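Take a look at the structure set out below.
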Amino acid sequence: MKKKFTLIATAAMGLESIVANEVKALGYEEVKVENGKVIYETDELGIARSNLWLRTADRVKLLIGEFDATTYDELFEKTKALPWEKFIPEDGEFPVIGKSHKSTLYSVPDCQSITKKAIVERLKQKHGVARWLKETGALHRVEVALLKDKVTLTMDSSGSGLHKRGYRTGQGEAPLKETLAAALVQLTNWTPDQTFYDIFCGSGTIPIEAALIGQNIAPGFNREFAFEGWEFIPASVHERALEEAEDLANYDQPLDIYGTDISHKMIEIAKDNAMEAGLGDLVKWKQMQANDFHTTSSGGYIVSNPPYGERIGDRQEVEAMYQKLGNTLKQYPTWSVYILTSNENFEKLYGKEASKKRKLFNGFIRTDYYQYFGRSE
Ligand SMILES: C[S@@+](CC[C@H](N)C(=O)[O-])C[C@H]1O[C@@H](n2cnc3c(N)ncnc32)[C@H](O)[C@@H]1O
């Protein structure tokens, strides 16, 4: 019989519903969405597939147990009662990280050390180890998370965060996280047969994510995951997921994607990143001032993350640039334009009310995603 696992795909604030859609698209229909997480059940192949395919999730965690605790004794006993030996072998390394919010047990270092002690005791008993556990083997990073006295114990199956696709060789001052860039693309109605532009492309994250989406390339194809070192998941599982990803990739899909930026240096970095992502010269890169945008195409998509002008002295310049951008792009009413910025006056400066707005966080910066739908011809 296939083993069942409960997975928690963590998501940045505001991206939960997009992660949930991605999980459903993988065939896991029963999802529960909470603040910052999407919870669902899979078999072991699902752990590999989720890590390989989820474009907008931060990490995929395996739920080990959940219970209420208001004393350290309770935390210790209930943690020790969980079947850790099924997941962590005798030599497994298992650092414990923690967080606590609105809970009686508020000291995170204490929660971590109690959890660690409880797991050590359980593993020593079950693996028959008399002295200490060597922890020289594969990494099983445990998290103890307390929220309103409810304890959630998980193991991180991703390793480094899923935004680390393995293609970023260089970046500018304010690179967009790959997960957010993928979300920006997925929030549009763009289809791979349509023209796509990022006119403030920086290190190229948005056009690269669009190209990966356009050819249905799994974003985690070129990296490693923590679960690959886990004994209870046979190596064949990851291989199967990789084979499936190879079969599903549509390298023949023609794309018409452009990345332009005022900075020559950023264009060079973007080119290198696209090469590293295995896209060759599929994306067309060009040094260009955004206000020189010109096209004869009857329609397309512009998806961009321009400078926000948050630094003192930059604001005026950026606001003048937004004004010019509005004038430039009003010549193309059939194009759809999507702009992520923290500037609350954007619509006024751009000279047009957005068809739709969505609040999103770019790291800790609160931004709005201004969406202007192109007029159909
Ligand atoms: C916030 S960054 C974009 C980061 C990008 N999304 C990434 O992931 O690397 C803004 C970019 O806009 C470029 N830029 C600034 N003013 C510009 C202008 N007038 N025209 C075109 N690009 C401009 C900067 O060189 C910078 O790379």
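Where a number appears in this text, it was derived from the coordinates with a stated rule and is not lab data. What you are looking at is a predicted structure, and each value in this text was computed from that prediction instead of being measured. Neighbour counts are summed over all protein chains in view; Cβ atoms, including those assigned to glycine, are modelled from backbone coordinates with ideal geometry.
Ellipticity at 222 nm from helices only: DSSP H runs of n ≥ 4 in the chain, each -39500 (n - 2.57), divided by the residue count, give -9500 deg cm²/dmol.
Note on Ser355 and Glu243: the model spin-label points, each 7 Å out from Cα along the C-beta direction, lie 4.3 nm apart. The calculated FRET efficiency for the pair Thr296 and His264, based on their C-beta separation and a Förster distance of 25 Å, comes to about 0.50.
Each of Met275, Met288 was scored by other Cβ atoms within 10 Å of its Cβ. Arranged with the fewest first, they read Met275, Met288. Less than 19 Å from a label point 7 Å out along the Cα-to-Cβ axis of Arg131: which backbone N atoms in segment 89-111 qualify, by residue? So the set is 90-93.
Here the spin labels are modelled as points 7 Å beyond Cα on the Cα-Cβ line, and at Glu319 and Val108 they lie 3.7 nm apart. 3J(HN,Hα) couplings calculated from phi for segment 170-175 with the Karplus curve 6.51 cos²θ - 1.76 cosθ + 1.60 (θ = phi - 60°) are, in sequence order, x, 8, x, 6, 10, x Hz; Gly and Pro show x. Taking label points 7 Å from Cα along the Cα-to-Cβ direction, Arg223 and Phe76 give a separation of 3.8 nm. Note on segment 53-109 and segment 117-185: Cα centroid distance 11 Å, given to the nearest whole angstrom. Relative to one another, the C-alpha centroids of segment 298-366 and segment 195-255 are positioned 29 Å apart. Taking the fewest neighbouring Cβ atoms within 10 Å as the starting point, the ordered list for His101, His127 is His101, His127. Residue separation of Gln331 and Asp252 scaled by 0.36 nm, minus their Cα-Cα distance, works out to 25.2 nm of gained length. Each of Asp149, Asp292 was scored by other Cβ atoms within 10 Å of its Cβ. Listed from fewest to most, they are Asp292, Asp149.
The order of the peptides 160-173, 336-349 by mean Cβ neighbours within 10 Å, most packed first, is 336-349, 160-173. Taking the inverse of the mean reciprocal distance over all distinct Cα pairs, the Kirkwood hydrodynamic radius of the chain comes to 22.6 Å.
If R0 is 30 Å, the Cβ-Cβ spacing of Lys150 and Lys124 corresponds to a FRET efficiency of close to 0.65. Considering only beta bridges that DSSP places wholly inside the chain, some 65 percent are antiparallel. Restricting segment 246-325 to trypsin sites (Lys or Arg not before Pro) that sit in a DSSP loop and have at most 11 other Cβ atoms within 10 Å of their own Cβ leaves Arg311.
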